[in-house]
Number of protein chains: 2
Amino acid sequence: MKRQQAQGTEKETRSRLIEAGLKLFGLHGFEATSTRALAQAAGVNLSAIPYHFGGKEGLYRAMLEHIVRVKLTEIGPGMLCVMATCGNPKAGREELLEAMRQLVRTMVSVMLGSPESRSFSQIMMQEQIAPTAAFGLFHDGFFAKVHGVWTALMGRLLGVPDSLELRLRALAVMGQMVIFRVGMTGILRVVGGDKLTDEHLETITRLCIQQVEAIVAGCASALPEGPAQPAQTEAGI
Amino acid sequence: MKRQQAQGTEKETRSRLIEAGLKLFGLHGFEATSTRALAQAAGVNLSAIPYHFGGKEGLYRAMLEHIVRVKLTEIGPGMLCVMATCGNPKAGREELLEAMRQLVRTMVSVMLGSPESRSFSQIMMQEQIAPTAAFGLFHDGFFAKVHGVWTALMGRLLGVPDSLELRLRALAVMGQMVIFRVGMTGILRVVGGDKLTDEHLETITRLCIQQVEAIVAGCASALPEGPAQPAQTEAGI
DNA sequence: GTCTATAGTCGGATAGAC
DNA sequence: GTCTATCCGACTATAGAC
């Protein structure tokens with residue numbers, strides 16, 4: 001019994017460690033996750049971590065790069081589509097609203113739907129609480145892009161140019177969806193059960209869409225009036 | 001040099017440790033915080049932790065009980081006032097809206113205003129990511145109460161009885177404020193600076209109030225029509 | 001490239017002096 | 001009630017066999 005587990009014996013070792021890191025770093029944070037636990041969860045030898053990644057920190061960074069890449073692949077096309085609509089001066093109100101609805105569906109689905117989204121969100125939250133050296137990787141690679149799309153979309157829907165206020169408004173709007181991820185543990189106590197059902201997700205999607213529609217309707221009318229000029233942001237997907 | 005620091009030499013030791021726990025547990029989480037770091041930050045001897053609290057876990061629990069009590073004192077009166085308005089069948093629309101505005105102001109102020117709110121939020125987030133045995137303490141003592149108030153208020157404003165959908169809607173509404181706390185690190189990169197200024201807080205408060213008003217206006221009209229029957233929730237402050 | 005063995009450090013808890 | 005000294009287990013990383 002020399003080898004502890006059946007192993008791919010190739011550099012599958014790397015991906016197994018990244019997978020284990022995704023789970024354990026998310027659950028316990030960077031410091032509280034031991035290399036022993038990582039190696040055991042991945043079914044590889046302890047020494048594989050310094051060998052392949054130069055150490056625990058290298059594994060963490062590789063894991064972060066991995067998930068940012070994966071998540072961006074999931075949402076990238078949808079965001080490009082929305083940005084295209086926002087950048088098109090001829091896009092009508094209904095077209096913009098439909099782009100917004102699609103964006104809400106994507107966010108709810110990506111954040112709450114897939115089971116692996118849990119680990120991703122946990123790591124994002126860990127980074128928000130106590131940012132590591134790799135925080136910029138997540139922020140520039142993911143958060144800023146999503147926020148940029150929402151800012152552009154809200155700008156068009158409200159008919160206002162880019163501004164700090166618009167960006168804060170976009171954040172508040174995103175918050176309606178994000179809270180279901182960051183407050184998941186408490187929310188499960190409210191709705192009962194140990195995971196959100198598909199029915200819950202549909203209700204949440206419907207409510208969020210309805211509320212964002214109400215916001216763009218109610219807040220645009222509070223402005224000088226003029227749903228015209230497009231807002232440009234720097235989000236380069 | 002027997003004594004390392006000037007010490008209160010009484011059971012001030014307990015409160016010094018709780019203060020240190022609030023800071024360090026919030027920053028690094030339970031597991032990643034060492035008793036040595038706690039003792040040093042509090043300026044007390046390492047053995048004081050097992051002596052006064054039975055161990056690291058006891059200190060964590062005592063710290064959690066402490067902050068839940070403190071935060072509830074901060075927001076309790078305001079919540080009672082809102083609940084009274086919600087429970088009053090004669091309360092008019094404008095009265096309910098004013099209660100909502102006050103609730104938004106309180107939440108923004110308590111979550112984002114005071115400097116010590118940072119540690120509190122960090123610990124709440126840690127518990128959401130990886131709940132400890134003490135999670136119920138925070139959930140029942142704090143989160144459920146705030147959520148209950150928002151649910152009751154939204155029920156009255158929308159004129160619908162309590163339901164799962166209403167509770168989810170209340171969560172989404174709360175998310176507009178909560179995101180500025182949980183996403184603070186990323187948001188500071190958006191607005192620049194290392195803390196939110198008073199001006200930012202005012203803008204955020206104003207935007208949130210305006211958006212909640214838009215939501216209750218826009219979403220009530222999408223219902224069978226009938227802004228009458230009050231919604232009761234279980235929130236017993 | 002994968003393993004064992006081990007170095008060197010730090011973790012929480014306790015015993016017992018005062 | 002506060003201190004020092006200490007136990008013993010767990011930690012990351014490395015050296016070197018294969």
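Roughly how crowded by other chains is peptide B:202-210, in terms of the mean Cβ count from those chains within 10 Å of each of its Cβ atoms?
Counting Cβ atoms of other protein chains within 10 Å of each residue's Cβ and averaging gives 3.
Could you work out, residue by residue across A:161-173, how many beta carbons of other chains sit within 10 Å of that residue's beta carbon, and then give the average as an integer?
That works out to 5 on average.
Counting alpha carbon pairs within less than 8 Å and at least 6 residues apart, what relative contact order, in whole percent, applies to chain A?
Once divided by the residue count of chain A, the mean separation gives 23 percent.
Could you let me know the centre-to-centre spacing of region B:144-191 and region A:55-115, using Cα atoms, in angstrom?
23 Å
Between the DSSP loop rule and a limit of at most 16 other Cβ atoms within 10 Å, which GluC sites (Glu not before Pro) in region A:93-141 are left?
A:Glu116
Amide H neighbours of A:Asp162 under 5 Å, at least 5 residues apart or on other chains, H built in the peptide plane: list them.
The answer is A:Gln232.
Can you list the copy-to-copy distances for B:Ala41, using a point 7 angstrom from Cα toward Cβ, in nanometres, shortest first?
Ordered by distance, the counterparts are at 2.4 nm.
Can you work out the base-10 log of I(q)/I(0) for chain B at q = 0.07, 0.17 1/Å, using the Debye formula on its C-alpha atoms alone?
These q points yield log10 I(q)/I(0) values of -0.29, -1.20.
Show which aspartates and glutamates lie in cross-link reach of A:Lys145 when reach means a straight Cα distance below 18 angstrom and same-chain residues fewer than eight apart are skipped.
A:Glu65, A:Glu74, A:Glu127, A:Asp162, A:Glu165, A:Glu234
Residue-wise, which Karplus ³J(HN,Hα) couplings in Hz belong to region A:163-171, taking 6.51 cos²θ - 1.76 cosθ + 1.60, θ = phi - 60°, and x for glycine or proline?
6, 4, 4, 4, 5, 5, 5, 4, 4
Once label points are set 7 Å from the Cα along Cα→Cβ at both A:Thr185 and A:Leu46, what is their separation, rounded to one decimal in nm?
Taking the simple label geometry, A:Thr185 and A:Leu46 are separated by 2.9 nm.
Using θ = phi - 60° and the Karplus curve 6.51 cos²θ - 1.76 cosθ + 1.60, what whole-Hz ³J(HN,Hα) does each residue of region A:136-147 get, with Gly and Pro shown as x?
Whole-Hz 3J(HN,Hα) from phi for region A:136-147: x, 4, 6, 5, 5, x, 9, 4, 4, 5, 4, 4.
Choose one answer from B:Ala214, B:Ala170, B:Ala144: the residue with the largest mean-square fluctuation in a GNM of chain B with alpha-carbon springs under 10 Å.
Per the Cα network of chain B with a 10 Å cutoff, B:Ala214 tops the list.
Based on the inverse mean of 1/r over its pairs of different Cα atoms, what is the Kirkwood hydrodynamic radius of region B:75-171, in Å?
For region B:75-171, the Kirkwood estimate is 14.5 Å.
From the square roots a ≥ b ≥ c of the eigenvalues of the alpha-carbon gyration tensor of the protein assembly as shown, which class results: rounded (a/c under 1.5), prolate (a/b over b/c), or oblate?
Oblate is the answer for the protein assembly as shown, as a/c is 1.5 or above yet b/c matches or exceeds a/b.
Taking the dipole about the Cα centre of region A:1-137, with the C-beta of Lys and Arg at +1 and of Asp and Glu at -1, give me whichever of A:Gly136, A:Met107, A:Tyr60 is farthest to the positive side.
A:Tyr60
If you put a point 7 Å past Cα along the Cβ direction, how far is that point for B:Glu74 from the same point in each other copy, in nm, smallest first?
Label point to label point, same position, other copies: 3.3 nm.
Based on the Cβ-Cβ distance of B:Glu202 and A:Ser163, what FRET efficiency does E = 1/(1 + (r/R0)^6) give at R0 = 22 Å, to the nearest 0.05?
Approximately 0.90, to the nearest 0.05.
Using the Cα atoms of region B:138-227, I'd like the radius of gyration and the largest Cα-Cα distance, Dmax, both in angstrom.
15.3, 47
Work out from phi, with θ = phi - 60° and the Karplus expression 6.51 cos²θ - 1.76 cosθ + 1.60, the ³J(HN,Hα) of each residue of region B:182-196, listed in order in whole Hz, and give x for Gly and Pro.
6, x, 3, 4, x, 5, 5, 5, 6, 8, x, x, 10, 7, 6
None of the figures in this text is laboratory data; all of them are computed from the coordinates on show. Keep in mind the model is a prediction, meaning the values are calculated, not measured. Heads up, the Cβs are rebuilt from the backbone with ideal geometry, glycines too, and the neighbour counts pull from every protein chain shown.
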